[in-house]
Amino acid sequence: MFTVVHENYLLGIQKGHGAIHYYHFDGSITGFLINIPWAIFSGLFRPFLFEWRNIFQAIVALENFVVFVLLIVALWRTGLPKIAQNPWVIAGIIMIFTMDIFIAFSIPNFGTLSRFKTAYWPFFVMLAICWFQSKNKSQAL
């Protein structure tokens, strides 16, 4: 599985601009573990506002920026969520992160990533909005 994901990554970055580049990503387990935080962040919030090259990427970048700001404000208002109390929230977060990691690793191109992230993006936005609407630290998810 790691070999196939690495081969897809190599094919995706050959296209040129607008791709996620990882640090020492060679298809090994160590390469995956080192790059998991960057894959999670990139799969959720890239392309950034300064990385777009066409109008469609600009729309996706604006959407990513709005959700990122929503999460920062939710973190500031309510603190970290108490997810251990609800098994459905835990299952949703595991599904979001699992799909995010594998899609971000195997499809580093921003255009394709924007299309494939529709599998987990609605769940992530829903959790972000629920967290944002929490009134205080005791109600956070």
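So Ile29 clears everything in (1) in contact with an Asp or Glu (Cβ under 7 Å, 6 or more places away or on another chain); (2) at pLDDT below 90 except one condition, right? Which one?
Result: Ile29 fails condition (1) only.
Within the range 1-53, track down each residue that is in contact with a helix residue (DSSP H, G or I) (Cβ under 7 Å, 6 or more places away or on another chain) and of a type in the set (A, V, I, L, M).
Val5, Ala19, Ile20, Ile29, Ile36, Ala39, Ile40, Leu44, Leu49
Can you find even one residue in the range 77-96 that is modelled with pLDDT under 90 and either buried (at least 20 other Cβ atoms within 10 Å of the Cβ) or under 14 Å from the mean Cα position of the chain (by Cα) (or both)? Steps first, please.
The first filter runs over the range 77-96 and keeps only residues modelled with pLDDT under 90, leaving 77-90.
If we keep only those that are either buried (at least 20 other Cβ atoms within 10 Å of the Cβ) or under 14 Å from the mean Cα position of the chain (by Cα) (or both) too, we end up with 78, 81.
There is at least one residue in the range 77-96 that is modelled with pLDDT under 90 and either buried (at least 20 other Cβ atoms within 10 Å of the Cβ) or under 14 Å from the mean Cα position of the chain (by Cα) (or both).
So is Phe68 within 13 Å of the chain's Cα centre (by Cα), closer than 23 Å to Phe102 by Cβ, touching a residue at least 12 places away in the same chain (Cβ under 8 Å) and open to solvent by 40 Å² or more (accessible area, probe 1.4 Å) or not? So that I can check it myself, show each step before the final result.
Numbers: within 13 Å of the chain's Cα centre (by Cα): yes; closer than 23 Å to Phe102 by Cβ: yes; touching a residue at least 12 places away in the same chain (Cβ under 8 Å): yes; open to solvent by 40 Å² or more (accessible area, probe 1.4 Å): yes.
So Phe68 passes the test.
So Asn35 clears everything in (1) polar (S, T, N, Q); (2) at pLDDT 90 or above; (3) over 20 Å from Ser106 (Cα atoms) except one condition, right? Which one?
Status for Asn35: all satisfied but (3).
Please find, within the range 103-116, the residue that is nearest to Arg53 (Cα to Cα) out of those that are in a helix (DSSP H, G or I) and open to solvent by less than 10 Å² (accessible area, probe 1.4 Å).
First pass over the range 103-116, keeping only residues in a helix (DSSP H, G or I): 103-106, 110-116.
Add one more test, that the residue is open to solvent by less than 10 Å² (accessible area, probe 1.4 Å), and what stays is 104-105, 110, 113.
Details: Ala104: 19, Phe105: 21, Phe110: 10, Leu113: 14 Å.
Once the filter is applied, the top-ranked residue is Phe110.
Before we move on, is Phe124 within 25 Å of Gly12 (Cβ to Cβ), in contact with a strand residue (DSSP E or B) (Cβ under 9 Å, 6 or more places away or on another chain) and either open to solvent by less than 20 Å² (accessible area, probe 1.4 Å) or touching a residue at least 40 places away in the same chain (Cβ under 8 Å) (or both)?
Spelling it out, it is not the case that Phe124 is within 25 Å of Gly12 (Cβ to Cβ), in contact with a strand residue (DSSP E or B) (Cβ under 9 Å, 6 or more places away or on another chain) and either open to solvent by less than 20 Å² (accessible area, probe 1.4 Å) or touching a residue at least 40 places away in the same chain (Cβ under 8 Å) (or both).
Output the residues belonging to the range 5-54 that are polar (S, T, N, Q), open to solvent by 30 Å² or more (accessible area, probe 1.4 Å) and touching a residue at least 40 places away in the same chain (Cβ under 8 Å).
The one that is polar (S, T, N, Q), open to solvent by 30 Å² or more (accessible area, probe 1.4 Å) and touching a residue at least 40 places away in the same chain (Cβ under 8 Å): Asn8.
Going through the range 4-26 one residue at a time, which ones are out of contact with any Pro (no Cβ under 6 Å at 6 or more places or on another chain) and either within 11 Å of Ser106 (Cβ to Cβ) or of a type in the set (A, V, I, L, M, F, W, C) (or both)? Spell out how you get there, then give the answer.
Of the range 4-26, the ones out of contact with any Pro (no Cβ under 6 Å at 6 or more places or on another chain) are 4-8, 10-11, 14-18, 21-26.
Listed by number, the residues that qualify are Val4, Val5, His6, Glu7, Asn8, Leu10, Leu11, Phe25.
Output the residues belonging to the range 97-138 that are more than 19 Å from Phe56 (Cβ to Cβ) and of a type in the set (Phe, Trp, Tyr). Show your work before the answer.
First, the residues of the range 97-138 that are more than 19 Å from Phe56 (Cβ to Cβ): 97-102, 105-106, 120, 123-124, 126-138.
Answer for the range 97-138, where residues must be more than 19 Å from Phe56 (Cβ to Cβ) and of a type in the set (Phe, Trp, Tyr): Phe97, Phe102, Phe105, Tyr120, Phe123, Phe124, Trp131, Phe132.
Of all residues in the range 50-100, count the ones that are outside any helix (DSSP H, G or I) and either closer than 12 Å to Ala128 by Cβ or polar (S, T, N, Q) (or both). Step through it out loud before you land on a result.
Of all residues in the range 50-100, those outside any helix (DSSP H, G or I) come to 50-54, 79-82, 86.
Filter again for either closer than 12 Å to Ala128 by Cβ or polar (S, T, N, Q) (or both), leaving 54, 81, 86.
Summing the residues that are outside any helix (DSSP H, G or I) and either closer than 12 Å to Ala128 by Cβ or polar (S, T, N, Q) (or both) in the range 50-100 gives 3.
The values are calculated or read from the model by the stated rules, or taken from the named source; none is laboratory data. For clarity, every value in this text was computed on a predicted model and none was experimentally measured. A quick note on method: Cβ atoms are made from the backbone with ideal geometry, for glycine too, and the neighbour counts reach across all protein chains shown. Heavy atoms of the whole protein, side chains included, go into the accessibility calculation; ligands, DNA and RNA do not. Shrake-Rupley method; radii C 1.70, N 1.55, O 1.52, S 1.80 Å.
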